[in-house]
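See below for the structure under consideration.
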Amino acid sequence: MKVLVVNAGSSSLKYQLINMKDESVLAKGNLERIGMAEPLLKHTPQGGETIEIHGDFADHNAAIKQVIETLMDNEHGVLDSMEEIRAVGHRVVHGGEDFANSAIINDEVMEAIKANVELAPLHNPANIMGIEACRKMMPNTPMVAVFDTAFHQTMPQKAFMYAIPYEAYERFGVRRYGFHGTSHKYVAIKAANILGKPLESLKIITCHLGNGSSIAAVDHGKSVDTSMGFTPLEGLPMGTRSGSIDPAILSYMMEKKNLSCEEVNSILNKESGMLGLSGISSDFRDLHSAAVEGKGRAQLALDVFNYEVKKYIGAYAAAMGGVDCIVFTAGIGENTPEVRAAACGDMEFIGIKIDDERNRTVRNRPEYNGEINADDSKVKVLVVLTNEELMIARETLDLVF
Ligand code: ADP
């Protein structure tokens with residue numbers, strides 16, 4: 001049983017073909033610069049070299065056609081016919097309050113996804129183009145939408161409401177939605193597996209730390225709070241995003257520098273976070289080497305980030321009345337022992353104690369099973385590799401068969 005996972009952006013399209021028998025990736029790829037000059041498809045079949053195809057992909061329809069043709073190609077392909085794709089799982093960023101779960105795509109679901117475009121004007125339209133292109137190409141293949149927001153729909157109202165006039169929620173849907181839900185769900189399930197305990201018995205804090213970062217409180221398998229909010233700008237400082245700031249800073253800066261809404265939005269999304277603070281880079285690898293050399297404000301940016309991660313861990317332990325397990329995942333969470341050590345340092349008062357050697361070597365030591373806590377730590381601390389594509393494929397399979 002083969003499931004195609006599609007993640008369509010406005011000018012890019014990522015895909016993975018997964019064999020659900022053993023959950024292996026048969027092929028994966030990335031189409032870039034759709035509708036622009038010199039579009040490029042990078043395709044990697046299982047066990048093979050990455051090939052580059054310079055085609056003419058004017059739109060998402062042409063892009064999907066190229067992907068399917070490449071998957072069936074005599075030389076680089078992994079399929080004999082398109083019918084071998086039994087279902088397609090689509091990543092959709094925003095499901096609003098309409099979707100607390102993944103959904104089989106039909107006309108009604110498409111309408112609801114379109115109705116949520118207002119909440120994610122940069123993302124949902126691209127996701128819709130990807131779905132429509134696939135439906136055109138494979139009209140008889142079942143498709144499923146998997147939403148970044150769905151996992152967080154279990155948050156109680158006290159966690160998702162902002163203390164602004166209630167009308168903003170009722171009329172415009174202004175509330176906390178949360179994002180990265182597919183990843184938070186995947187790593188929480190995986191952590192429970194590693195610990196050999198039912199997910200429904202655990203209080204887990206999942207830290208998805210990448211270019212975009214968010215933390216979630218997963219209480220007995222349900223998300224009860226998360227750091228991203230109405231948009232993915234809230235919460236932790238990120239590569240180039242500010243994270244949470246005093247909202248009054250906006251009008252103050254707009255007045256001082258005579259900025260438009262668009263300009264201030266761009267500063268908060270593209271020029272802030274690690275880049276804005278350090279003046280060096282948004283990338284943690286660059287920041288760590290710059291900090292060692294004492295360059296710029298790299299160490300300050302790292303200190304601010306680590307401090308915020310630690311504060312969320314403390315806050316969510318309080319929100320759940322305790323914590324059994326902390327999970328680190330995504331580019332930074334998986335690869336940066338310094339962040340994990342700093343965020344979990346001096347936390348023995350709530351039962352968190354890291355083992356330094358395990359923390360440094362965990363990725364090369366399969367026998368640790370991702371565990372980086374000390375033996376006498378009450379709280380388990382795990383490094384878990386996220387796999388959003390596999391989660392999408394699993395949800396697709398569950399709904400369709
Ligand atoms: P995205 O949110 O775009 O998926 P990622 O999850 O890939 O982002 O995370 C990107 C961040 O992870 C960057 O700051 C990068 O420096 C960091 N990162 C990725 N790989 C490594 C690595 N091997 N070592 C250290 N940091 C890494």
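Bear in mind that the values in this text are calculations on the coordinates, not laboratory data. Being a predicted model, the structure only gives us computed values, none of them experimental. With ideal geometry, Cβ positions are generated from the backbone for all residues, glycine too; neighbour counts draw on all protein chains shown.
Among Val292, Val304, Val323, which one shows the highest mean-square fluctuation when the chain is modelled as a Gaussian network with alpha-carbon springs under 10 Å? Of Val292, Val304, Val323, the most mobile in the Gaussian network model is Val292.
Helix 388-400 and the longest principal axis of the C-alpha atoms of the chain enclose an angle of approximately 60°.
Remark: region 49-61, residue by residue, has Karplus-estimated 3J(HN,Hα) of 7, 6, 10, 10, 10, 9, x, 10, 9, 6, 8, 5, 4 Hz, where x stands for each Gly or Pro and the curve is 6.51 cos²θ - 1.76 cosθ + 1.60 at θ = phi - 60°. Extension gain for the segment Phe349 to Met36, taken as residue separation times 0.36 nm less the Cα-Cα distance, is 107.2 nm to one decimal. Per-residue Karplus couplings for region 263-270, computed as 6.51 cos²θ - 1.76 cosθ + 1.60 with θ equal to phi - 60°, are listed in order as 5, 5, 4, 5, 4, 5, 8, 10 Hz, Gly and Pro entered as x. Pairs from the list Lys197/Lys310; Lys310/Lys380; Lys197/Lys353 with a Cα-Cα gap above 23 Å: Lys197/Lys310. Output the antiparallel fraction of DSSP beta bridges having both residues in region 2-147, as a percent to the nearest 5. In region 2-147, approximately 70 percent of DSSP beta bridges are antiparallel ones.
Quick one: if the Förster radius is 41 Å, what FRET efficiency do Asp22 and Ser289 give, using the C-beta to C-beta distance and rounding to 0.05? The formula returns an efficiency of 0.60 here.
Charge tally for Asn335 (other residues, Cβ to Cβ under 9 Å; Lys, Arg +1; Asp, Glu -1): +1.
For region 329-335, putting each phi into the Karplus relation 6.51 cos²θ - 1.76 cosθ + 1.60 with θ = phi - 60° gives couplings of 8, 6, x, 7, x, 7, 10 Hz, in residue order, rounded to whole numbers and with x for Gly and Pro.
Over region 196-388, what is the relative contact order in whole percent, taking alpha-carbon pairs under 8 Å and six or more residues apart?
On the way: 348 pairs, mean separation 37.6, N = 193.
Computed value for region 196-388: 20 percent relative contact order.
Averaging 1/r across all pairs of distinct Cα atoms in region 196-388 and inverting the result yields a Kirkwood radius of 17.4 Å.
Dividing the helix sum by the residues of the chain, where each DSSP H run of 4 or more adds -39500 (n - 2.57), gives a mean residue ellipticity at 222 nm of -11000 deg cm²/dmol.
In units of the rule-of-thumb radius 2.2 N^0.38 Å, region 2-147 shows an alpha carbon radius of gyration of 1.02. Of all DSSP beta bridges confined to the chain, the antiparallel ones make up roughly 65%. Full extension of the chain segment joining Tyr252 with Ala341 gains 28.4 nm, where the gain is 0.36 nm per residue of separation less the Cα-Cα distance. Put a plus charge on the Cβ of each Lys and Arg, a minus charge on the Cβ of each Asp and Glu, and nothing anywhere else: the dipole of the chain about its Cα centre is then about 660 debye. For the chain, the longest principal axis of the C-alpha atoms and the axis of helix 124-137 are separated by about 30°. Toward the positive end of the charge dipole of the chain, with +1 on the Cβ of Lys and Arg and -1 on the Cβ of Asp and Glu, the farthest Cα among Pro232, Ala191, Gln157 is that of Gln157. Ordering of 365-377, 11-23 by packing is 11-23, 365-377, highest average first (other Cβ atoms within 10 Å, averaged per residue). If you run the Gaussian network model on the chain, springs between alpha carbon atoms under 10 Å, then out of Gly55, Gly331, Gly130 the most flexible one is Gly55. Placing a label point 7 Å from the Cα of Glu52 along the Cα-to-Cβ line, the residues of region 1-45 whose backbone N sits under 19 Å from it are 12-15, 28-45.
The alpha-carbon atoms of region 249-309, seen along their principal axes, cover 38, 20, 16 angstrom, with the largest extent given first. Dividing the C-alpha radius of gyration of the chain by 2.2 N^0.38 Å, with N its residue count, gives 1.01. Report, in whole Å, the centroid distance computed from the Cα atoms of region 276-312 and region 142-181. Using only Cα atoms to place each centre, the spacing works out to 31 Å.
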